[in-house]
Amino acid sequence: MILPPPPVVLAYGIGVDSTALLIELHARGQAPDLVLTADTGNEKPATYAYLDVIGPWMRDRGIAHAIVSYVPKRFKHWPPYYGILEMCLTNATLPSKSLGGSSCSLKYKKAPQDAFLKTWQPAIDAWGRGQRVVRLIGYDAGPRDTARANHALSIDDPLYDCQYPLRDWRWDRPDCVARIEAEGLPVPPKSACILCIANKPDEIRGLPPWCLRLIVLVEARAAPRLHTVEGLWRKSTRARPGSMTAFIRAEGLLPAHDVDRIVRDAPTELIRFQDVAAAIPLGDRPTMGDWLDRFHAAFADGRRRDVIALAA
């Protein structure tokens, strides 16, 4: 008896490498059965905007695309929260990477994709046949991704056969950029949460004011509990301080009075909101998103988002 081939899923982060991989797979007649994107709820606006480019491109070629997100079931503190940003604000903390912990991607990217695939019939059928789902990951042949791929290859997953076509093709980042441009598509920005420690100074400079205010807010909310790190960048270097707020202030990226106002007032207002929310019956309880709407409305531009989150 000849078994059907296992389904192929592309883990798509809307970045340069995974976009080039998607384009080239289609060109070779090897388009994945599913393209799966995990939304952290706090990606850069330009990343969300790129969906208006790549989404129609996939639809025109009949490529299935699903968007998933991590949904917490238990809350250490109230009110309910969703995504990395709201988790940090509710629990008065920073993303785990900023505190010296493991990558946030396991919780906010890999876990929701795994949960979705456990309900996806082609995966269920493959596992029932004793097969592993083929998971394509866009690690390129450059030195940084080589280290990441070597670590991933050391992990034996009974459910997934992880493959890295860009590495097999010996494509590095410039090769990926060239492939996207050859397709006639704009090159996507580097994908990352706006709170990510991996953001470079120029990436912070390129964020709109409402994103910069959120960075200041998160660091201000976590400040009383920070004893070994300065902020989202952890420690100062010659290129920048450990605190993104200090960088934003020094660069004049936000008016100084706005930064002062957030640092002085927002954490206390947020704690007061949490106390009130905890006393409201669960079904009627406001969410952290409700408070954030009010936070953004208090500023001159009055905008919460320039774009809508992927999973909204």
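Any read-out appearing in this document is the output of simple, stated calculations on the displayed coordinates, not a laboratory observation. Just so it is clear, the structure is predicted and the values come from calculations on it, not from any experiment. With ideal geometry, Cβ positions are generated from the backbone for all residues, glycine too; neighbour counts draw on all protein chains shown.
Would you mind telling me which residue in Pro165, Pro267, Pro72 has the biggest mean-square fluctuation in a Gaussian network model of the chain, where springs connect alpha carbons within a distance under 10 angstrom?
Among Pro165, Pro267, Pro72, the largest GNM mean-square fluctuation belongs to Pro72.
Sorted from fewest to most neighbouring beta carbons within 10 Å, what does the list Met87, Met58, Met1, Met244 look like?
The fewest-first ordering by Cβ neighbours comes to Met1, Met58, Met87, Met244.
Please sort 234-240, 103-109, 135-141 by packing, taking for each peptide the average over its residues of neighbouring beta carbons within 10 angstrom, highest first.
Working: 234-240: 11.7, 103-109: 17.4, 135-141: 23.1.
Result, highest mean first: 135-141, 103-109, 234-240.
Assuming a viscosity of 0.890 mPa s and a temperature of 25 °C, what translational diffusion coefficient in µm² per second does Stokes-Einstein assign to the range 201-297, Rh being the Kirkwood radius over Cα pairs? Please report the intermediate quantities before stating the final value.
Values: Rh = 14.6 Å.
In µm²/s, the coefficient is 168.
Ser103 versus Ala278, label points 7 Å from Cα toward the beta carbon: distance in nm?
3.5 nm
Based on DSSP, what percent of beta bridges with both residues in the chain are antiparallel, to the nearest 5?
Looking only at bridges with both residues in the chain, the antiparallel portion is about 5 percent.
Would you mind ranking His227, His257 so that the residue whose beta carbon has the fewest other beta carbons within 10 Å leads the list? Walk me through the numbers before you get to the answer.
Details: His227 5, His257 8.
Ascending Cβ contact count within 10 Å gives the list His227, His257.
Restricting things to alpha carbons, find the Rg to Rh ratio for the chain using the Kirkwood radius for Rh. Present the calculation step by step, with values, prior to reporting the outcome.
Values: Rg = 20.9 Å, Rh = 21.1 Å.
Rounded to two decimals, Rg/Rh equals 0.99.
For a quick check, take a GNM of the chain with Cα springs below 10 Å and name the residue from Gly15, Gly252, Gly289 with the largest mean-square fluctuation.
Gly252
Pick from Leu282, Leu207, Leu166: which residue has the top mean-square fluctuation in a GNM of the chain where Cα pairs under 10 Å get a spring?
Among Leu282, Leu207, Leu166, the largest mean-square fluctuation in the Gaussian network model of the chain belongs to Leu282.
Measuring from the lowest to the highest alpha carbon on each principal axis, how far does the range 8-182 reach, largest first, in angstroms?
50, 39, 35
With a sphere of radius 13 Å drawn around the Cβ of Arg234, what net charge do the other residues whose Cβ falls strictly inside it have (Lys, Arg +1; Asp, Glu -1)?
Taking every Cβ under 13 Å from that of Arg234, the sum is +1.
If I model a spin label as a point 7 Å beyond the Cα along the Cα-Cβ vector, how far apart are those points for Ala223 and Arg28 in nm?
Reported label-point gap for Ala223 and Arg28 is 5.2 nm.
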